[in-house]
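Structure first, commentary second.
None of the figures in this text is laboratory data; all of them are computed from the coordinates on show. Every value quoted in this text rests on a predicted model; they were computed, and no experiment measured them. Cβ placement follows ideal geometry from the backbone for every residue including glycine, while neighbour counts extend to all protein chains displayed.
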Amino acid sequence: MKTSMLALAATALMAGTGAANATDIEFWYGNTGTAEEAIQNACNAFNGAQDDHAVSCVGQGSYEVGMQKAIAAYRSGNSPVLIQFFDAGTLDLMLSDAVVPVQDIMPDVDWDSYINGARSYYETSTGELFSQPYNGSTLIMYANMDQLGEVGVTEVPQTWEEVITVAQSLKDAGHECPFVTDGHPWRVLEQFAARHGEPIASNNNGYGGLDAEYLFNQGVVAEHLSNLVEWRDQGLVRLNQDTAAGNYTNAFNAGECAMMENSTGSYAAAYAALGDAVEIAYAPMYEGYERHNTLIGGASIWTMKGHSDEEVEAAKAFLNFLRQDDQQIEFTRMTGYVPVTTSALDQLEAEGKLDEPEFATARTGVESLNMPGDDNSRGVRLGFYVQFREIFSEETQRAFNGEQPMQAALDTAKMRGDELLRRFEQTYQGVELP
């Protein structure tokens, strides 16, 4: 008995010693819901897999709040080692001098294994990744095939012309909400322009320099926004405020609306609500346009400056852990976010899982991200872009509410957006884009 007690005491002492020697770091993230659960699972798995390091994963409630708090924490010298930021904050972070490129601290990683759509958004002009892609998503089309079947439709529409034809059939059959969106610029502007090969700004959407100007108020992008207003007036398209659920994703998941375009990250909740009635496909195109790649959405993980070598080593170990194929696959299974490396996708295919409902977004999402691209579908590299999204939403929602024509809304959004770009250019005068 005495021996056993001593052995237990020794084991406890060893465990305590290990914990005391572990390097503790913080990782701040912005997701909630299913994605937050998946992130916490990954953190627990990392902490349980080794004793050298420990990571505390701290939710911030949203990407925007996390970004604001992390910058404030950096200025006060109390920043986390790792932070998750969404796509829209990429240029602001690159030029903030608060982060270090992930390829600088991890030069031996095979970064070419990342899928093209994920690499291009977060890399420098010379192809160096600034942050490690994590919860990658992209825009896809969702359809409730039980409802489409009621009007004789057996496949998810793949052009906007088909979408509106089906929407008209649904409306004629008494359906109150044929297609729903929220009008967010990620969906109706950035993803739309990228896959149609159209610019939203000059200088290759800002990749070519800080003197870019917005161009979205012309061409097929402007025509599409005006079409959405017209289709809403005809009862074919609904917005958040038109739905009983008050939110377009909830309205689709509740069976209130028959079609929507949304992130792959919404698939898990949609399938849980509607089961096999949910089918997905590429986001719709206008006829006559060549399909280009959609943009990566979600977020990537950045390493902040000002931390000890031991903390950076812990950060590298956690990033290596998250990059493992099994970890990516589990994250995809829980959330609908897509794997971001080709090896994880290959493993899913080798195991025959790509046709399983839990992994339905992997093939469609990655294929959409890997479509042939050009300078207009590489990504968005524009300063103060988070604030611009708010301006775009404010002006276009006024158009949807009948307070101004959509073309006037886009012209005003361009003017206000260009003012932001000039302020950003002045702030970083003389600085070259990385």
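When Rg and the Kirkwood radius Rh are both evaluated on Cα atoms of the stretch 220-273, their ratio Rg/Rh stands at 1.02. For Q324 and E358, what is the calculated FRET efficiency with R₀ set at 22 Å and r taken between the beta-carbons, to the nearest 0.05? Result of the calculation: an efficiency of 0.75. Rg then Dmax, both in Å and based on the Cα atoms of the stretch 62-118: 12.9, 36.
Could you rank the peptides 194-206, 102-114, 317-329 by their average count of other C-beta atoms within 10 Å per residue, with the highest value first?
For the peptides 194-206, 102-114, 317-329, the packing ranking is 194-206, 317-329, 102-114.
With angles folded into 0 to 90 degrees, how steeply does helix 160-172 sit against the dominant principal axis of the chain? Use alpha carbons for both and round to 10. That helix lies at roughly 70 degrees to the long axis. Between S96 and D211, full extension at 0.36 nm per residue minus the direct alpha carbon distance yields a gain of 39.6 nm.
For the chain, a Kirkwood hydrodynamic radius built from all Cα pairs, placed in the Stokes-Einstein relation at 20 °C and 1.002 mPa s, yields a translational diffusion coefficient of 94 µm²/s.
Computed across the stretch 200-296, the Kirkwood hydrodynamic radius from all distinct Cα-Cα pairs reaches 16.1 Å.
In percent, rounded to a whole number, the relative contact order of the chain is 25, using alpha-carbon pairs under 8 Å and six or more apart. Hydrodynamic radius of the stretch 311-434 by the Kirkwood approach over all distinct alpha-carbon pairs: 18.4 Å. Peptide packing: for 129-135, 36-42, 330-336, 180-186, the average count of neighbouring Cβ atoms within 10 Å per residue gives the ranking 129-135, 330-336, 180-186, 36-42, highest mean first. Model label sites at Q40 and V58, defined 7 Å from Cα along the beta-carbon direction, differ in position by 1.6 nm. In the chain, helical runs assigned H by DSSP with n ≥ 4 each contribute -39500 (n - 2.57); averaged across all residues and rounded to the nearest 500, the mean residue ellipticity at 222 nm is -14000 deg cm²/dmol. Straightening the chain between E390 and R291 buys 32.9 nm, computed as 0.36 nm per residue apart minus the Cα-Cα spacing. When the charge dipole of the chain is built from unit charges on Cβ atoms (+1 for Lys and Arg, -1 for Asp and Glu) and taken about the Cα centre, the candidate among A54, L228, Y271 whose Cα reaches farthest toward its positive end is A54. Placing R0 at 60 angstrom, the Cβ-Cβ distance between E230 and R75 gives a FRET efficiency of 0.80 after rounding to 0.05. Straight-line cross-link partners of K305 among the lysines, defined as a Cα under 23 Å from its Cα and at least 8 positions apart when in the same chain: K69, K316.
Computed from Cα positions, the angle between helix 63-75 and the longest principal axis of the chain comes to roughly 40 degrees. Shown here: the stretch 135-224, whose C-alpha atoms stretch 51, 31, 19 Å along the first, second and third principal axes, sorted largest to smallest. Note on N370 and M415: the extension gain reaches 12.9 nm, defined as 0.36 nm multiplied by sequence separation minus the Cα-Cα distance.
Its Cα gyration tensor gives the stretch 178-217 an equivalent ellipsoid. The semi-axes, each the square root of 5 times an eigenvalue, are 24, 9, 7 Å from largest down.
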